[in-house]
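The block underneath contains the structure these notes are about, expressed in structure tokens.
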Amino acid sequence: MLGSVALAIGLTAIGDRSAQAGNRDKREHARLAQDDDPAQLRVLDWTLWNVSKYYVESKRVEPAAMTLAGLEALEAIIPEVLVEPTDETKAAVRVRVGTTEQVFPADANALWAVGPQVRAVFSFVNDHATLTDDEQREAEYAIVEGVLSTLDPHTNLLRPAAFEDMRTNTAGAFGGLGIEVGMRDNELTVLRVLPGNPAARAGLQAGDKIVQIDDESTVTMTLNESVGLMRGPAGTEVAIYVRREGLDRAKRFDIERAMIKLDSVTGDILPGKDGQGRDAKIGLLQIPRNFSQTTSTELRDKLRDFERAGVTGIVLDMRDNPGGLLNAAVEVVDAFVDTGTIVSTVGESSPRDESKATGDYRFADVPLVVLVDQGSASATEIVAGALRNLDRAVILGRRTFGKGSVQVLHDRRVADTELALKLTIAQYLTPGDVSIQSVGVSPDLETIPVYVGKDYLAYYGRKRFDLVREESLSAHLVHSTAQQQQITAGPLFFLQQGSVNDGSGLTEGELPPRIDVEEDAAKRAQMLLRDPEIRMARDLALWAPSHRRSDILANLPQFTAQQVAIEDARIAASLGSKDVDWAEGPAPTDGKAAKLEVSLSTDKRGDTIAGGESGVLTMTVTNAGDAPAYRVRALSDSDYNYFDERELMFGRIDPGETKTATLKLSVSAHELSRTDRIDFHLLSQHDAALTANSATSIDVSAKGVDRPKFAYGYQVIDDPKLAAKGNAIVGNGDGLLQVGERVHLRVWVQNAGPGDARDTRVQLRNGSGDAVFLHSGRIKVGELKVGKADFVDIDFEVQKPTDDVSLQLTVSDAKIGEYLMDELSFPISAPLDFRGEGGVSASAQIDLYAGPYEGAPVLARAEAGASFATTGNAGGWYELRLGKDQVAYAKASALTSEAKAPRRPGATTTVYPVSPPRIELQDVPGQTADTSITLSGVALDGEAVRDVYVTVQNPSRNLFGSAEKISYVASKDPSSGRLEFSAEVPLEPGNNYIEIVARENGQVSGRQRMWVLRTSGLAEARAKEASFQNDGSLAVDTFNNGR
């Protein structure tokens, strides 16, 4: 594979015939000598070299900013690191690692200086923090990602797993089985079996539960992990075990992998009537995934099928297609035009390159309608922009994403894996040298989906589209020729599938059934035409007077008016089922006018909704004027996304009439306490005025519930006599793991409060590959009151030789969002033979362990003189009976033999060795006008407190930003179990999310989270961001549907 291949997408693409980055010698130099030592930061050096040679705009490269961003990324990934600029110039940084700190320069004025400055800090970090090779590698990757974040949103590092996924997606095929899988009720489930592929031939069925892949259990396996195991080279075999209704045990299927082709293009024929009422056929081409190496071939095959079928028009559906290969996009356009420049790429480091139509293949001159939306990006925009500007197609839908840049992929081997640098090297121009960078391709006919649900409505709001476009991304590129294109017609509002009374027969939120063309082409066509945009695109292709865009646009208002009538009626019927009269009305005359009085209230005291509950916000509108108000509606504006752009519909309000509309506001059980302001904008068909006493704002609060705090202990049970009823244990009862044993991991869980756990679950994940087989892995404990404890047994087997068994144990309450996780390690040991039953007593206070080995967790403590029955001693340990179904182990040196065993075991105190530090804070205000607050408190733990750090983030002011670490303090004596801390936390206007983390060790940590609302500057910040505007116009756009 070449070291550099051109891309035309932000995330997944590979291979292209144009825009190659340099010649072969440069590429070879770019790969650099390979070095497995991550501490050397070779990947960073290689990245900086490529940036210096090939980046699209050298003026965007700011070495000092790159240095600081790389160090901040290092700080974010290693808890014990804090990086702070020494002053406002940020020319130097103070780096703290644990209790040691040092000042380093961060004023690089050239790219070559970035590496040495970052490397000096990384060396200091390595000297004072204990990092494994894997942790160092992850830190280097994070540094590189931080450095690249200063350039543009699409220049980034593809780590090995992401790079492999990208290559699979763009290749258009992979070695596998031919099934679609997903998680259903936490079980790996076959969702679809692709006809004619290995899984279908072997007999797998939709609904099968895959419980084992080769020798590995799928219990708690992630979807990506399972897919990785099932994929492999064609011709190799994999064993799949499935549980199926009607079978009493899992059934094994031995399946030989084959090359599975990912269909890049689907083709269907949509029936319809032309302008003269005659039967006609429209071909529907859908490119739902990336533009891959097979897209062009697949598309031309479908077009030939359409030619044979005699279609009279084409609909090309590229909605939500994120892009793909540049050459694939060019070849798609080339199938519909025979002359002209399709796309040009320009950049500082790469010469202008033009891709022209070849005329090798051209489909018939029939009307072509292209469907796009805000999720159509990059290569998709090349296709849409070229067909639009070359007068070949009319565009229907919404303005596209706006990614007008080209990336080159540089690959590099690191140890036994490969990663890649995706580097922006050029911007592309559509025909006429028009850039779509940050503005996208505008539709000729704009369509806007309207969703009318039982409790939710989306009609005029546009943030649902604007927030996911290029211009919302930080550091996005710009181009001097980029300008939003004119929209000829619209917006045309249409009723979205799944809405109330939409005529589909589906319940709210229900998706239509999937129908493959192999099953029934006619039924599939009917299913596709339930999509209003596909139906409108088909109708436009049937109606179009010519294949030329210019001819279609000249008459487009006529077509739009027809569609508006259809969709207005559907929307009105849907709203009518909610008792909203959505009819239009005449403007007031004779000096009369509607005047609206507005009030807001909730059904909760203090407008506060408790976590896990719902409230109802009611807007009351009275027409105090002397003329009717028509199509009255309200749209919310709030920093909190859940409260933002919520719509209320009132319809017609006559003089003296009062109408109400409600919003259901739900607060999840895991929500923290916070307060948010909701502003409402009231609009109507003829812009009725509001009375002076109208209230259009309300502060709504969420009150978080008290949260549980978990602690747990664990023990391997390998004695069959201790097994719970109905469960199998195959072991020798020595408390140690040996190969061939099937054991239980008994987990004791305690809720230390202060809140009850509502849905406690225990999960075990395997970190030892096929050496260990999990027979169970997820167990529900359920409700766990404060101070209460319970236990579960998890069944696993050591089936192959290994030095130790690595497991990850998590206790969580998903409803409230609390969890506790630790990495467990059990040695594989030689058996012990405990002999010599009798009694023993503790010489002093002693620890009782879960197993007879050094490093075993403590289960309990016994006071001096406590006596226990013992089954014997071996290897310097006694096995003690603590009760009917529990044993523990104590060091022989701490015990004294007794003449006989006691009738009952001595008193013990239960110990939960995995217990996070507790954080006690001084009072923290929920809101303040100040620009910062001081957090002071103490972290406490019975074992140790290693350190405490504090982060803050304001998602309202920076939606895609990450948390900033603003304080770190390390304990000089972690074993003291106490660490005081104080931090000055800066606040941005709006709600700030603050998290305090106290660590016992590298795995176990206690957390306390809160929202603090800064009220000062909030109105100014929102006005500056123009949160209710889009390029100077209201986000709600024009009021009338197409008029």
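What follows draws every value from the coordinates through simple rules; no lab data is involved. Quick caveat, the model's predicted, so the values are computed rather than measured. All Cβ positions, glycine included, derive from the backbone under ideal geometry; neighbour counts span all protein chains shown.
General remarks:
- Pairwise label distance in nanometres, Asn693 with Glu180, each label 7 Å out on the Cα-Cβ vector: 5.8 nm
- The overall shape of the stretch 97-154, judged from the alpha-carbon gyration tensor, is oblate: a/c is not under 1.5, and a/b is no greater than b/c.
- By other beta-carbon atoms within 10 Å, ranking Tyr428, Tyr819 with the fewest at the front produces Tyr819, Tyr428.
- Rounded if a/c under 1.5, otherwise prolate or oblate - the stretch 135-275, Cα gyration tensor axes: oblate
- Between Ser825 and Gln40, the FRET efficiency from the beta-carbon distance, with R0 = 30 Å, is close to 0.55.
- Cα centroid separation, the stretch 84-156 to the stretch 574-598: 61 Å.
- Selection of trypsin sites (Lys or Arg not before Pro), the stretch 69-142, meeting DSSP coil and at most 16 other Cβ within 10 Å: Lys90
- Förster radius 30 Å - calculated FRET efficiency between Arg464 and Thr618, Cβ distance, rounded to 0.05: 0.80
- Within the chain: Cβ-based charge dipole about Cα centre, in debye rounded to nearest 20 (Lys, Arg +1; Asp, Glu -1): 1420 debye
- Among Ile966, Ile143, the ranking by other beta carbons within 10 Å of each residue's beta carbon, starting with the fewest, stands as Ile966, Ile143.
- Among the chymotrypsin sites (Phe, Trp or Tyr not before Pro) in the stretch 126-184, none is located in a DSSP loop while being surrounded by at most 11 other Cβ atoms within 10 Å of its own Cβ.
- Two-site label geometry, Ala162 and Arg835: point separation in nm, points 7 Å out along Cα→Cβ: 6.1 nm
- Sequence-separation-based contact order of the chain, relative, with Cα cut under 8 Å and 6+ spacing, percent: 8 percent
- Aspartates and glutamates with Cα under 12 Å of Lys251, excluding same-chain neighbours fewer than 8 positions away: Asp208
- FRET efficiency for the Gln927 to Glu584 pair, using the beta carbon distance and R₀ = 60 Å, is estimated at 0.90.
- Length gained when the stretch Val103-Asp127 is fully extended (0.36 nm per residue, less Cα-Cα span): 7.1 nm
- Cα centroid separation - the stretch 625-695 against the stretch 165-210, whole Å: 47 Å
- Label zone at Ser976, where the point sits 7 Å out along the Cα-to-Cβ direction: the stretch 918-952 residues whose backbone N lies under 17 Å: 918-920, 937-949
- Partner lysines for Lys592 [C-alpha distance under 21 Å; skip if fewer than 8 residues away on the same chain]: Lys659
- The stretch 561-669: GluC sites (Glu not before Pro) in DSSP loop, at most 16 other beta carbons within 10 Å: Glu584, Glu613, Glu657
- Note on Lys884 and Ser668: the extension gain reaches 73.6 nm, defined as 0.36 nm multiplied by sequence separation minus the Cα-Cα distance.
- Within a straight-line Cα-Cα reach of under 21 Å, Lys788 can be paired with the following lysines, leaving aside sequence neighbours fewer than 8 residues apart in one chain: Lys709, Lys780, Lys815, Lys884.
- The length gained on full extension between Ser480 and Arg605, counted as 0.36 nm times the residue separation minus their Cα-Cα distance, comes to 39.6 nm.
- Among Met536, Met221, Met821, the order by Cβ neighbours within 10 angstrom, fewest to most, reads Met821, Met221, Met536.
- Model label sites at Ile487 and Glu225, defined 7 Å from Cα along the beta-carbon direction, differ in position by 4.6 nm.
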